[in-house]
Amino acid sequence: MEARLNLFGSEIAGKTVKYINTASMVIIKESTLPKATQNLVMLRASQINGCGYCTDVHSKDLAHDGESALRVNLVAAWRETNAFTEAERAALELTEQGTRIADGAGGVTDEAWADAAKHYDEEQLTALTLLIALINATNRLLVINRQPGGDYQPGQLG
């Protein structure tokens with residue numbers, strides 16, 4: 001599979017992706033949302049969106065950060081496992097509903113929001129919401145471009 005555009009060689013793509021990446025890095029480095037939760041959320045959204053590049057990145061980052069292969073491999077089936085905390089499950093539910101907006105009638109349900117609010121304070125919920133939106137934007141860009149996954153090395157993106 002070959003990318004349709006060279007996003008890494010394009011001046012306008014470079015500038016745009018830099019801003020998206022910078023916004024994501026604010027959340028990743030400055031929020032109190034647990035790092036494992038951040039990566040689980042980004043991996044799950046990427047799986048749903050069929051983004052091979054981002055699925056590669058976030059699965060490898062989770063493994064590099066010491067996450068067990070069991071949990072990385074079970075993210076796609078998180079509802080049918082006991083491998084995730086109640087807080088992580090709430091974040092994954094919010095991620096799925098926020099990612100599948102077009103698939104559902106009402107977007108994110110009040111129940112999913114209330115469940116997440118039981119586990120995360122307002123600042124963490126803000127970070128979680130922004131992270132879900134940003135990973136979805138990134139997924140869409142890379143899926144449209146057919147950006148192949150498989151070559152990522154942990155730490156490569158910052």
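The values are calculated or read from the model by the stated rules, or taken from the named source; none is laboratory data. All values reported here derive from a predicted model rather than from experimental measurement. With ideal geometry, Cβ positions are generated from the backbone for all residues, glycine too; neighbour counts draw on all protein chains shown.
Annotations
- Considering residues of the range 87-120 that are among the β-branched types (Val, Ile, Thr) and under 17 Å from residue 46 (Cβ atoms) only, the residue nearest to the chain's Cα centre (by Cα): 95
- Listing of helices (runs of 4 or more DSSP H) fully contained in the range 33-104 that carry 3 or more residues being in contact (Cβ under 8 Å) with a residue 24 or more places away in the chain and surrounded by fewer than 22 Cβ atoms within 10 Å (Cβ to Cβ): 35-49, 52-64, 86-99
- Scanning the range 50-65 for residues that are out of contact with any Ser or Thr (no Cβ under 9 Å at 6 or more places or on another chain) and polar (S, T, N, Q) yields a count of 0.
- Residue check for residue 27: surrounded by fewer than 12 Cβ atoms within 10 Å (Cβ to Cβ) and hydrophobic (A, V, I, L, M, F, W, C): no
This table checks each residue for (1) modelled with pLDDT of 95 or more; (2) of a type in the set (A, V, I, L, M); (3) under 26 Å from residue 30 (Cα atoms).
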{"position": "47", "(1), (2), (3)": "yes, no, yes"}
{"position": "73", "(1), (2), (3)": "yes, no, no"}
{"position": "83", "(1), (2), (3)": "yes, yes, no"}
{"position": "140", "(1), (2), (3)": "yes, no, yes"}
{"position": "144", "(1), (2), (3)": "yes, yes, no"}
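- Taken as a whole, the condition of being touching an Asp or Glu at 6+ places or on another chain (Cβ under 6 Å), of a type outside the set (Lys, Arg), at pLDDT 95 or above and assigned to a helix (DSSP H, G or I) applies to residue 112.
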